[in-house]
Amino acid sequence: MIKFYGEFFINAAFLCAILATIGYFLYAQNDKDRYFKISNWLFGLQGLFLLAASGLLLHIILTHQFNFYYVYNYTSDDLQLKYLISAFWGGQEGSFMLWVLFSTLIGFGLMRWTRKAYRGPVLFFLTLTQIFLLSMVSGISFGDFTLGASPFRSLAEAMPNAPFLQSNPDFVPQNGKGLNDLLKSPWMMIHPPILFVGFSMMTVPYCFAMAALWKRKYNEWVNPALPWTLGANVALLTAIFLGGYWAYVTLSFGGYWAWDPVENASFVPWLLGTAGIHTMIIQRKSSTSQKASIIFAILAYVAIVYETFLTRSGILSDASVHSFVDLGLYSQLVVFMLAVTGIGLGLFFYRYKELPKQKNDSRFLSREFMTFAGAMMLFLIGLVIILGTSSPIIGRLFTENPTPPEVSFYNEWTMPMAMVAAILTVLGQYLFWKKQDGESLAEDLTLPVALTCIITLASIIIGDVRNIYYMVYLLTAWFALVGNAVIMIRLIRQNPMLIGGALSHIGFAVLLLGILASSAYNEHLLDRTTQQYNEAIRSGNVTDEQGFQKTQTVNFLELKLNEPKVVNDKYRVTYEGYTLKNQERPGQQQYRIKFEPADGEGSQFVLNPQVYPMLSSSSAQNIEWSVDPDVRTGMLSDIYLYVSGSSYVQQKNEQAKERARQVRQQTEPAAAGMLDSTKVQKIELAQGETASVGSFDITLKSYSQETEDAPQDSTIIAVRANVEITQRGSDSSTSVYPLFSIYQKNGKNWSYAPPTGIPGHNGTVQFSSVNPSTGKVELTIRGVDKEVKEQWVLLVAEEKPFISVVWLGTFLLMGGFSISIFRHWGRERKKS
Amino acid sequence: MKPKLIIGIIAIVGFTSLLMYNFGNSISTYVNFEQAADMNSAHVVGTWDDSRDYGFSMESKQFTFYMKDEAGNVRRVVYPKSKPNNFEQADRLVVIGKIEGEVFYADEMLMKCPSKYNNADGAQFEKANVGNS
């Protein structure tokens, strides 16, 4: 039933979208209000159907209906509510639905606020994109061809070749595969929705640009389009920031940005959107750049669709960490992309001749020229990133089966252009608020230039910068910061609502400074011995066990329990053990790593990195571990670390290997009696005393006479001990209650004291006797290694300076854009 | 033609060719161990040779294993990080790094894991995420 309704609702929405598109087309052509009304109703109906379908999808996820492929593939019984909800957009199908949902909401906004000349075509293009998006989840079959992949398809439909379904097509699995462990993060709740808000808002400038071309009204459209574009930008920027922060604090890639195709997928539309914002602003002010505004508005959305194609068609599956698997949507995505690009650019070139031409060229020292040049820089940066991301396609020009480009390709191209852009921000801003010639501009710039030089020199000396390229980079970034700050201070006095641009540019400058500082000064935290060892490796003096010369340095920090090490002459680091308590994930260990300043001055702090088994891919015979780093965020630098290995993990792996061996050999586990006799150890404990055996601390908490159900009828005395066993390094202990009893048989006294297993470990504890004179209890421990197994942890620890500056830059950018939204939105509202 | 237009065209052509030239240099193709001999950052595709010793050594702090490339060459691979978490499950590996003598020094590793039950070739590469040795 649910399956029927779910598919029905989606396809009803699909149909409504098609009808609404036709309606809006007629309205745009004939300008009859009747068409507009009907189309709006259809549009609303589409929203309702979609909402109903989404509700059903959420319902089957929350009620664990594993006969649905989507539910089976992305959720499991034990998933917390928040992750069940995020599973809605955990897969491709659901994320397309979320995208259309947001797009529909935006449609209502456009319906309400767009003025008459544009609203028909704008809504026509919006619904047109929705048709494409809905077709991705439709799931209707025409013969062999299925349109899209429905989130409501059953297991049997989705995996016809699965063996368990071939024997029994109605089979419903007990449990689903579960959400990927790495996606079980609070960020999963918020990052994808914001991204799709950005994607759907970026549709609006496209629609407006197309409406302008259709209606031949090339000037006024930028006014209503501007706040939407700015909004899309803030949403995309927020999503990029959340993604970067997520990658940084919970994944172990070690940074906030890796030029991964999926990251690029949200970054390129942002760059093109920002380029569009710049040209729209000058178009609004001085009626130039009409062509550029239209083309950027088109390209920003094309970039979104293109990157959607790249990440969802499976074409990048060789190159990206987190691209989706092809769902058979390849050709549909190609059609979507070609349609959006073809209609956009087609109409643009069709109208090209009548587009307003600029009478005379802008002077070099004009706000038009500078802002346009800045937009071009953003556009070119976007182009370079698209080129790199497209390597699986475009790379075929150079070689078969191309690999992704090296990271240096991105850095070497984007950074110089960003430096040029940094200079342009200042010139542009100075010319934006006041018409200037060379002389007056030079005069105005004296103060910022002087300040910039001083600050740059100071930071070169303080930061010990020796690289010329970095020096120039610093100069441009500081220039952008100082120049825009001076402008902003002036503007605040006039009208604080005007500072959006200057503030965004300051954010950009701060971001540039943060990027350089955080990547150039990243350091591994290592102890003195390892540092010397690495020195020796670098000078080629180390060979490994097989006589090969070592070239790779060691970047691990090995710590033994409670043995502090001094790292980088800065911190004294101590491993203080781990806890198995408060597990968010079953089997998770949380380690305690204490940092103290090496010179004793300053405060200490504790980091708690975690290790947990990946449930979806682990078995009793083979455990796959994943890590959750911990980061201490500081004003100047972050300490970032994760556990790369530990004695506990090693022990668990050995146990798993042992189980695997037993399974292979079909043998019983070694019986307690067969335990190596050398591993038998006896200890005597008074009440409350603790003794160490191997890596365990054993405490006799108490012992008392057993009164209830004596084990034998003829028992004379029965004593049960309460023994607490703690593995050193761990703060969690287990208790065992071994029994000691004496009973009579055949006129003789016999003792009965069965060995009790230690939970979670091999080995047993036996209450072997009581010393009547001292009252001490003798415990016999079997199967525990006599030699102390050292407790250790292997860390990868890094000091990452100025990450906070990167975040600060991002926040300033968001703040600047947000102020601009209010300004332009407010002006638009006043007009209407 | 106006001089500005000519300068513009030259700039565009210059920029594009430089960009494409640089792009062409920064990508390479997937190779086998023999072809990797002179490359600085070679992407070698292959499978894990599980008949030989592998594991993370606490002494050298390296993960080593033997990999058989698509041409059948087996080489020892040294990876200076801990064992990637889905190493044993991977049915294809990509190691990125350079070969010196008979040893391949990998800086990065990608694992292609079989995705069960998908009839299409639904396999997916995963970047070496840090696991535990």
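Just so it is clear, none of the values below were taken in a lab; they were calculated from the coordinates. Note that the structure is predicted; figures quoted are calculated from it, not measured. All Cβ positions, glycine included, derive from the backbone under ideal geometry; neighbour counts span all protein chains shown.
Taking every residue in B:67-78 and counting other chain Cβ atoms within 10 Å of its Cβ, the average works out to 1. Distance between the C-alpha centers of the stretch A:336-394 and the stretch A:106-159? Whole Å please. Distance between centres, Cα-based: 27 Å. Would you please classify the overall shape of the stretch A:511-574 from the alpha carbon gyration tensor, given that a ≥ b ≥ c denote the square roots of the eigenvalues, rounded means a/c under 1.5, and beyond that prolate means a/b larger than b/c while oblate covers the rest? Oblate shape, in that a/c is at least 1.5 and b/c is the bigger or equal ratio. Placing +1 on each Lys and Arg Cβ and -1 on each Asp and Glu Cβ, with no other charges, gives the stretch A:215-297 a dipole about its Cα centre of roughly 620 debye. In terms of the mean number of neighbouring beta-carbon atoms within 10 Å, the peptides B:66-76, B:48-58 order highest first as B:66-76, B:48-58. Note the angle between two axes, namely the Cα long axis of helix A:186-201 and the longest principal axis of the Cα atoms of chain A, as a number of degrees from 0 to 90, rounded to the nearest 10. In chain A, helix A:186-201 runs at an angle near 10 degrees to the longest axis. Rg over Rh for the stretch A:185-405 works out to 0.99, using Cα positions for both radii and the Kirkwood form for Rh. Roughly what angle does helix A:261-286 make with the longest principal axis of chain A, taking Cα atoms, 0 to 90 degrees, to the nearest 10? Compared with the principal axis, the helix lies near 30 degrees.
Extension gain, A:E654 to A:T756: 0.36 nm times the residue separation minus the Cα-Cα distance gives 34.5 nm.
Within 10 Å of each Cβ in A:642-649, how many Cβ atoms from other chains are there, averaged over the peptide?
Mean shielding by partner chains, rounded to a whole number: 4.
Taking Cα centre as origin and charging only the Cβ of basic (Lys, Arg, +1) and acidic (Asp, Glu, -1) residues, the dipole magnitude of chain A rounds to 3620 debye. Dipole orientation for chain A: of the candidates A:S637, A:L110, A:L147, A:L110 has the Cα lying most toward the positive pole (charges on Cβ; Lys, Arg +1; Asp, Glu -1).
By average Cβ neighbour count within 10 Å, what is the ranking of A:442-451, B:98-107, A:794-803 from highest down?
The packing order, highest mean first, is A:794-803, B:98-107, A:442-451.
Highest first, please rank the peptides A:220-229, A:147-156, A:271-280 by the mean number of other Cβ atoms sitting within 10 Å of their residues.
On the way: A:220-229: 24.3, A:147-156: 22.4, A:271-280: 28.2.
The densest-packed peptide leads the list: A:271-280, A:220-229, A:147-156.
Out of the stretch A:178-222, which trypsin sites (Lys or Arg not before Pro) are coil in DSSP terms and have no more than 10 other C-beta atoms within 10 Å? Mind dumping the intermediate values first?
On the way: sites: A:K184, A:K215, A:R216, A:K217; in loops: A:K184, A:R216, A:K217.
Listed in order of number, the matching sites are A:R216.
When a/c is below 1.5 the answer is rounded, else prolate if a/b is larger than b/c, else oblate, so apply that to the stretch A:137-196 with a ≥ b ≥ c taken from the square roots of the Cα gyration tensor eigenvalues. Oblate shape, in that a/c is at least 1.5 and b/c is the bigger or equal ratio. Note on A:A620 and A:Y5: the extension gain reaches 217.3 nm, defined as 0.36 nm multiplied by sequence separation minus the Cα-Cα distance. Once the Cα-Cα distance is subtracted from the 0.36 nm per residue extended length, the A:L345 to A:N541 segment shows a gain of 64.5 nm.
What's the angle, to the nearest 10 degrees (0 to 90), between helix A:647-665's Cα axis and the longest principal axis of chain A? Between the helix axis and the principal axis of chain A, the angle is about 70 degrees. Note on B:56-66: average number of Cβ atoms from other chains within 10 Å of each residue's Cβ is 4.
Modelled spin-label separation between A:K570 and B:D107, with each label point placed 7 Å from Cα along the Cα-to-Cβ direction: 2.3 nm.
Positive end of the dipole of the stretch A:506-658 (Cβ unit charges, origin at the Cα centre): among A:T543, A:L525, A:Y612, the Cα lying farthest that way belongs to A:Y612. Projecting label points 7 angstrom from Cα along Cα→Cβ for B:Y21 and A:D437 puts them 4.2 nm apart.
Stokes-Einstein diffusion for the protein assembly as shown at 25 °C, viscosity 0.890 mPa s, with a Kirkwood radius from C-alpha pairs, works out to 77 µm²/s.
Which FRET efficiency value, to the nearest 0.05, is calculated for A:E354 and A:V334 with the Förster distance at 30 angstrom and r the Cβ-Cβ distance? E between A:E354 and A:V334, to the nearest 0.05, is 0.45. Positive end of the dipole of the stretch A:185-405 (Cβ unit charges, origin at the Cα centre): among A:F253, A:A239, A:I298, the Cα lying farthest that way belongs to A:I298.
Annotation note: chymotrypsin sites (Phe, Trp or Tyr not before Pro) in the stretch A:328-394 located in DSSP loop regions with a Cβ neighbour count of at most 11 within 10 Å are A:F364. Annotation: the antiparallel percentage among DSSP beta bridges lying fully within the stretch A:528-642 is about 95.
Computing FRET efficiency as 1/(1 + (r/R0)^6) for A:A691 and A:N67, where r is the C-beta to C-beta distance and R0 is 41 Å, gives about 0.15. Of the trypsin sites (Lys or Arg not before Pro) found in the stretch A:760-809, those that fall in a DSSP loop while having at most 12 other beta-carbon atoms within 10 Å are A:K786. Given R0 = 30 Å, the distance between the Cβ atoms of A:R363 and A:L447 translates into a calculated FRET efficiency of 0.80.
In debye to the nearest 20, how big a dipole does the stretch A:185-405 give about its Cα centre with +1 on each Lys and Arg Cβ and -1 on each Asp and Glu Cβ?
On the way: 14 positive and 10 negative charges, 236 e Å.
Using Cβ point charges on Lys, Arg, Asp and Glu, the stretch A:185-405 gives about 1140 debye.
Quick one: of the DSSP bridges fully inside the stretch B:1-103, what percent are antiparallel, nearest 5? Taking every DSSP beta bridge with both residues in the stretch B:1-103, the antiparallel ones total about 85 percent.
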